[in-house]
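Just below is one structure, and these are the notes that go with it.
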Amino acid sequence: MLTEKAAMYSTLGISKEVFAFGTKIEEELKERFAKIDEIAEYNQLKVIHAMQASKVSEACLYGTTGYGYNDLGRDTLEQVYATCFGTEDALVRPQIACGTHALATALSGNLRPGDELLSPVGKPYDTLEEVIGIRPSVGSLAEYGVTYRQVDLKEDGSFDYEGIKNAINKKTKMVTIQRSKGYQTRPTLSVTRIGELIAFIKNIKPDVICMVDNCYGEFVETIEPTNVGADLMVGSLIKNPGGGLAPAGGYIVGKKKYVENAAYRLLSPGLGKEVGATLGVNGSFYQGFFLAPTVTAAALKGAVFAANVYEKLGFAVVPNGTESRHDIIQAVTFGKPEGVIAFCQGIQAAAPVDSFVSPEPWDMPGYDSPVIMAAGAFVQGSSIELSADGPIKPPYAVYFQGGLTWQHAKFGILMSLQKLADAGMVTL
Ligand SMILES: *Cc1c(COP(=O)(O)O)cnc(C)c1O
């Protein structure tokens, strides 16, 4: 059996040395993987429970056209999300174009001129800078008279409670908390830490709306930010909760009033959640959500495997090989451009789609240095599928995430290692 497997790896271009190195690392991770499977099992049951309690029927799998009035599948799916995440209401729509759009909708639906938004965890995700108006941008919250304040994390990654207390004022209407580190080097926040932060903030100002950007965090733990006090939680369906099957979309869950406010902004004042045809996507949304816990577990195993492989070879990895996980992103620092490029080319070469193309760094709009991206995905830009990207600038780190199956994630990482070995950048 083993020789058969080794032979197949060889057919796909993985050398004996790389295969042996990976096999050894995998053996050391048995216990770690068992824990990930435990969480996936719990979350699988949580999703099934939500589907049963919401009485999902075959009719829900079909969609509407036109206005989309009385879309049973859409309305029931929103009930499933609300039940699963323990919230009063949910907005789960293919009309939400991406995570940034979901966040922009939640923010602009709930903020009014004269209000202030606070980020108590430092700079938010790049694309939000233009949504908020940190970088001047047409249509930003700043243009509508919404001000913004930010309190950075302390040097050691802890919350600056004193600074947060001083930043909260009578204008503070909303707080945005990003769970994942995104493309920064700070640690990702655990759900427990998010809960502590929200409790502190609510103690100072009980009526402030606490929103969590949950991108890449869903189903990594057994609890979500909405279980620890978040009023709103937002994410993308081409990340964890879409399970790889959702062809587009985003979600906003939380308190009824705040979700409705977001719906009036997404659709129209007066219409809100009542409209929005689902066309043909309901079936994929349901099936993707059903698969999301195990798909997230596969991606998580890939991240842990990559951390251990590259840590062993002497590269700096965030999180490190043994740290607890709160999102599916893995950063590996190579210290030179060739490392980032070889890694991404390896991920691309392992893809089921477009494996024959070789990614190159390019000047992407909105970035201050060339960026290289690897993605051979079934859904364009889907980052729950195996993908990697890295800006070509110091410290020359690559950000790696996804993998619809653990086996594919493993193959991708071995292929990245193969490319680095071929280029003489690692010795096994
Ligand atoms: C992916 C992501 C977003 C949104 O990005 P989109 O590409 O618009 O989906 C926002 N915040 C974080 C932390 C993310 O990881």
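The values are calculated or read from the model by the stated rules, or taken from the named source; none is laboratory data. Remember, predicted model here, so these are calculated numbers, not experimental data. Don't worry about glycine lacking a Cβ; one is built from the backbone with ideal geometry, like all the others, and counts go over all protein chains shown. Keep in mind that these areas ignore ligands, DNA and RNA; they rest on the heavy atoms of the full protein, side chains included. Shrake-Rupley method; radii C 1.70, N 1.55, O 1.52, S 1.80 Å.
In the condition set (1) open to solvent by less than 10 Å² (accessible area, probe 1.4 Å); (2) outside any helix (DSSP H, G or I); (3) closer than 22 Å to Gly403 by Cα, Arg325 is compliant with all but (1).
Of all the residues in the range 102-124, those that are surrounded by fewer than 19 Cβ atoms within 10 Å (Cβ to Cβ) and under 21 Å from the mean Cα position of the chain (by Cα) number 2.
Can we say Glu218 is of a type in the set (Asp, Glu) and either away from the ligand (no atom under 16 Å from the Cβ) or closer than 17 Å to Gly73 by Cα (or both)? No; evaluated as a whole, the condition is false for this residue.
Could you grab me the full set of residues in the range 250-275 that are touching an Asp or Glu at 6+ places or on another chain (Cβ under 8 Å), open to solvent by 10 Å² or more (accessible area, probe 1.4 Å) and assigned to a helix (DSSP H, G or I)? If the condition is that a residue be touching an Asp or Glu at 6+ places or on another chain (Cβ under 8 Å), open to solvent by 10 Å² or more (accessible area, probe 1.4 Å) and assigned to a helix (DSSP H, G or I), then Lys256, Tyr258, Glu260, Lys273 are the ones that fit.
To keep it simple, each residue is scored yes or no on (1) touching a residue at least 60 places away in the same chain (Cβ under 8 Å); (2) more than 22 Å from the chain's Cα centre (by Cα).
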| site | (1), (2) |
| --- | --- |
| Tyr264 | yes, yes |
| Leu271 | no, yes |
| Asn282 | yes, no |
| Tyr286 | yes, no |
| Thr294 | yes, no |
| Ala299 | yes, no |
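Once the range 173-199 is narrowed to residues that are free of Cβ contacts under 8 Å to residues at least 40 places away in the same chain and open to solvent by 10 Å² or more (accessible area, probe 1.4 Å), the residue that is nearest to the ligand (Cβ to nearest atom) is Arg193.
Based on this model, can you work out whether Arg149 counts as open to solvent by 30 Å² or more (accessible area, probe 1.4 Å), in contact with a strand residue (DSSP E or B) (Cβ under 7 Å, 6 or more places away or on another chain) and either within 13 Å of the ligand (Cβ to nearest atom) or of a type outside the set (A, V, I, L, M) (or both)? Answer is yes for this residue. Looking across the range 377-412, just one residue is under 11 Å from Gln345 (Cα atoms) and away from the ligand (no atom under 16 Å from the Cβ), and that is Gly412.
Count of the range 360-397 residues, restricted to those that are under 29 Å from Ser284 (Cα atoms), surrounded by fewer than 20 Cβ atoms within 10 Å (Cβ to Cβ) and without any contact (Cβ under 8 Å) to a residue 40 or more places away in the chain, is 2. Among residues of the range 38-55 that are more than 16 Å from Pro241 (Cβ to Cβ) and of a type in the set (Val, Ile, Thr), none has a Cβ under 6 angstrom from a residue that is at pLDDT below 95 and open to solvent by 60 Å² or more (accessible area, probe 1.4 Å) at a sequence gap of 6+ or on a separate chain. Selection over the range 221-249 of residues that are open to solvent by 40 Å² or more (accessible area, probe 1.4 Å) and either in contact with a Cys (Cβ under 8 Å, 6 or more places away or on another chain) or within 16 Å of the ligand (Cβ to nearest atom) (or both) gives a count of 1. Going by the conditions given, is Glu338 open to solvent by 20 Å² or more (accessible area, probe 1.4 Å) and part of a helix (DSSP H, G or I)? So Glu338 passes the test.
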